[in-house]
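These notes concern the structure reproduced below.
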Amino acid sequence: MANSGFQLLGYFLALGGWIGIISTTVLPQWKQSSYAGDAIIMAVGLYEGLWMSCASQSTGQVQCKIFDSLLSLDIHIQTCRALMVISVLMGFIAIIVSVVGMKCTKVGDNNPSTKNKIAVAGGGLFLLAGICTLVSVSWYATQVSYHFFDPNTPVNARYEFGSALFVGWAAACLTMLGGSFLCCSCANEERRGQQYYRQSQPSTDREAELLSETSFPD
């Protein structure tokens, strides 16, 4: 029962992380205009994400423009797009696979060993989704930091970390933590089964010896 609860905990952690990955992918606040140093504070705040750039005015009006060309984008934006889409797809597949493999569900094969292997596969997919998200967000943040500290970058053209990056880091950690819980719970169950088999094996051997002595007395 405790093992099933551990699996449920890992599943819901990973599910929450996957929702965070989707939010990170669509949010336009991957980087935002900086007002540090001698930067002139403007009435318009600039934001940029993987799919669009936005301008937020002091009146509350927000105008966004979707990137027209894919090939004209920087290589790190194209790569981050691909990694985030892969993360979302792997997370979706992991959700379905984990539901089939968890002990508290009656979906699919009822063999405990088979369900454990399926749950481990779902946990592994969650781990990969979290790693892809972590790589994407961290690489984008590295590029923002590089251009911010580059002396050749104009002061008014510098950007800082947007809120989407922090959501992405949190989502990656939740997804990897949930995937680890799913994998570890199944590994512990497999280990307990092997230990029980080793403990019961000597008694079985003694029973076989007694049976042979009874069948063939000297």
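The phi torsions of the range 47-52, fed into the Karplus equation with coefficients 6.51, -1.76 and 1.60 and a -60° offset, translate into couplings of 10, 8, x, 7, 10, 7 Hz, rounded to whole numbers, with Gly and Pro shown as x.
Judged by the mean number of other Cβ atoms found within 10 Å, the most tightly packed of the peptides 174-182, 67-75 leads the ranking 174-182, 67-75. Across the range 149-157, rounded Karplus estimates of 3J(HN,Hα) from the backbone phi angles (6.51 cos²θ - 1.76 cosθ + 1.60, θ = phi - 60°) give 8, 6, x, 7, 7, x, 4, 7, 10 Hz, Gly and Pro being marked x.
Taken one residue at a time, the phi angles of the range 75-89 give Karplus couplings (6.51, -1.76, 1.60, θ = phi - 60°) of 5, 6, 6, 4, 5, 5, 4, 4, 5, 5, 5, 4, 4, 5, 5 Hz. Gly and Pro are set to x. Ligands, DNA and RNA left out, the 1.4 Å accessible surface of the range 48-173 is 68% carbon and sulfur atoms.
Taking the three principal axes of the alpha carbon atoms in the range 54-196, the coordinate ranges are 67, 32, 29 Å, sorted in descending order.
The values are calculated or read from the model by the stated rules, or taken from the named source; none is laboratory data. Since the model is a prediction, treat every value here as computed from it, not as a measurement. Every residue, glycine among them, receives a Cβ derived from its backbone with ideal geometry; neighbour counts consider all protein chains shown. All accessible areas refer to the heavy atoms of the entire protein, side chains included, with ligands and DNA or RNA removed. Shrake-Rupley method; radii C 1.70, N 1.55, O 1.52, S 1.80 Å.
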